[in-house]
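Accompanying notes for the structure given below.
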């Protein structure tokens, strides 16, 4: 009799663990690209690129103020694939967190060195779960900063200086 109850208890615990595991796998947050401009979000940042003339560039991202997105969860470099998926979305060729190093003036700086063609397709994503001080743990917000113009201007400047 006692053995039967122990088996039933283990069976119940095992079933509960499976249910919780499945529910955990299905609980994903939703991510949204913000439509507000840099000015509307009160963001203060600069993006600079240096073309080294070797088909490689260094991108330097300086974040002075996180604005209405404070606190940011992460700053990422994202490089979407060249071809769209059948549903219009993109896979990512690369997504990497930028290490944002604090500076004496209070700003934070992240640097990455990569191929020029990848950098031209790249974007910097400012990721957060907070807008205007209101935390929503199930909704991830992204402010996207395209790098194409910055990388193109750096390549032009490199060609004219040589």
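The values are calculated or read from the model by the stated rules, or taken from the named source; none is laboratory data. The structure displayed is predicted, hence computed values, not measured ones. In this analysis, Cβ positions are derived from the backbone assuming ideal geometry, glycine residues included, and neighbour counts consider all displayed protein chains.
Taken together, 77, 72 contain a single residue that is touching a strand residue (DSSP E or B) at 6+ places or on another chain (Cβ under 7 Å), surrounded by 15 or more Cβ atoms within 10 Å (Cβ to Cβ) and over 21 Å from residue 151 (Cα atoms), which is 72. Residue-level analysis places residue 76 outside the set of residues that are modelled with pLDDT under 95 and in a strand (DSSP E or B).
For segment 118-162, what are the residues that are closer than 19 Å to residue 81 by Cβ and touching a residue at least 60 places away in the same chain (Cβ under 8 Å)? Matches in segment 118-162: 119, 122, 124, 142, 144, 145, 147, 151. Here the condition is being touching a strand residue (DSSP E or B) at 6+ places or on another chain (Cβ under 9 Å) and either surrounded by 17 or more Cβ atoms within 10 Å (Cβ to Cβ) or closer than 15 Å to residue 143 by Cβ (or both); of 56, 108, 115, 101, it holds for 108 alone. Every condition in (1) surrounded by fewer than 12 Cβ atoms within 10 Å (Cβ to Cβ); (2) assigned to a loop (DSSP other than H, G, I, E, B); (3) at pLDDT 85 or above holds for residue 32 except the one numbered (2).
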